[in-house]
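The values are calculated or read from the model by the stated rules, or taken from the named source; none is laboratory data. A quick note: this is a predicted structure, and the numbers were derived from the prediction, not measured. Backbone-built Cβ (ideal geometry, glycine too); neighbour counts: all protein chains shown. Remember, those area values only see protein heavy atoms, side chains included, never the ligands or the DNA or RNA. Shrake-Rupley method; radii C 1.70, N 1.55, O 1.52, S 1.80 Å.
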Amino acid sequence: PNTLRLQPFTVHTQQGSISLKSSVKIGFQQDDIVVKNENPDKTVLEMSGLKLGSILNDPAIGQVDGTVSLNELQVNGKEILLNGGKGMISSLQFHGHNYHGLTLESLEIENNQASAQVSLDDQSAALNLKGTFSLEGKPTMKVEANILRFDGRDLGFPEIAEVKCKGGLSLDTDGSSWQKVHGAFHLNDFNLEKSGKKLDCSQLDLDFDVD
């Protein structure tokens, strides 16, 4: 296989700065690509003042500051294997709100199945979320969320501007397609407020089938 080794560097542009913080080895062989962080304890990429919305031509996205890490990424045709995926967004401007404390605690991908753990600690929203889901478009997922606080007034989305909530929820689904799926939905100590109306739910267990 052909091999390319990248050493740490920093690029400064009018769109912000990107730094490669760790040595990275990239291998190529036919349809296979392998990217390996040679210093797994180090961050791979660091973004500073990056005008992501300008680069993506998306006015809803503004400036971003953060880091991205991984141990190894393999791409073999449509198959993806990722281990040691992590990230930290210290600041992200999105729909007029400046989000802080968005952390990708872990991301693993194997056999077209992704497993992730995410946390957000922002002045308007704080939550912990973990789950697994299919990358093949199948309705296979298992998600658990603990919402510590959520206030939609400052998040830049008119649809949820009047929504406040906190509590625990989970969703577990499986099936051959989205037209034929079964699952379970749970709420635990969940409080919802919208436009002055309140809903308090100590526990809800709902099983469903779509056929």
Which one is least open to solvent (accessible area, probe 1.4 Å), of the residues in segment 139-159 that are at pLDDT below 90 and either part of a loop (DSSP other than H, G, I, E, B) or of a type in the set (A, V, I, L, M) (or both)?
Leu155
Among the candidates Leu52, Leu20, Leu45, single out the residue that is in contact (Cβ under 8 Å) with a residue 12 or more places away in the chain, buried (at least 16 other Cβ atoms within 10 Å of the Cβ), touching a Gly at 6+ places or on another chain (Cβ under 8 Å) and within 26 Å of Gln93 (Cα to Cα).
Leu52
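Only one residue in Asp65, Asp31, Asp121 is surrounded by fewer than 17 Cβ atoms within 10 Å (Cβ to Cβ), of a type in the set (Asp, Glu) and closer than 29 Å to Arg153 by Cβ, so which one is that? It would help to see each step written out before you state the result.
On the way: Asp65 fails: surrounded by fewer than 17 Cβ atoms within 10 Å (Cβ to Cβ); Asp31 fails: closer than 29 Å to Arg153 by Cβ.
From the options Asp65, Asp31, Asp121, the qualifying one is Asp121.
For segment 183-195, how many residues meet the condition of being closer than 13 Å to Lys142 by Cβ and either open to solvent by 70 Å² or more (accessible area, probe 1.4 Å) or free of Cβ contacts under 8 Å to residues at least 24 places away in the same chain (or both)? Break it down into steps so the answer makes sense when it comes.
Step one: list which residues in segment 183-195 are closer than 13 Å to Lys142 by Cβ, which gives 183-186.
From what's left, either open to solvent by 70 Å² or more (accessible area, probe 1.4 Å) or free of Cβ contacts under 8 Å to residues at least 24 places away in the same chain (or both): 185-186.
So the count comes out to 2.
Taking the condition among the small types (Gly, Ala, Ser) and either more than 22 Å from Leu56 (Cβ to Cβ) or modelled with pLDDT of 95 or more (or both), does Gly101 pass?
Values: among the small types (Gly, Ala, Ser): yes; either more than 22 Å from Leu56 (Cβ to Cβ) or modelled with pLDDT of 95 or more (or both): yes.
So Gly101 passes the test.
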Starting from segment 73-85, take each residue that is within 18 Å of Ala116 (Cβ to Cβ) and list its partners that are outside any strand (DSSP E or B), counting only C-beta distances under 6 angstrom and pairs at least six apart or across chains.
Asn83/Asn71; Gly84/Leu70; Gly84/Asn71; Gly85/Leu70
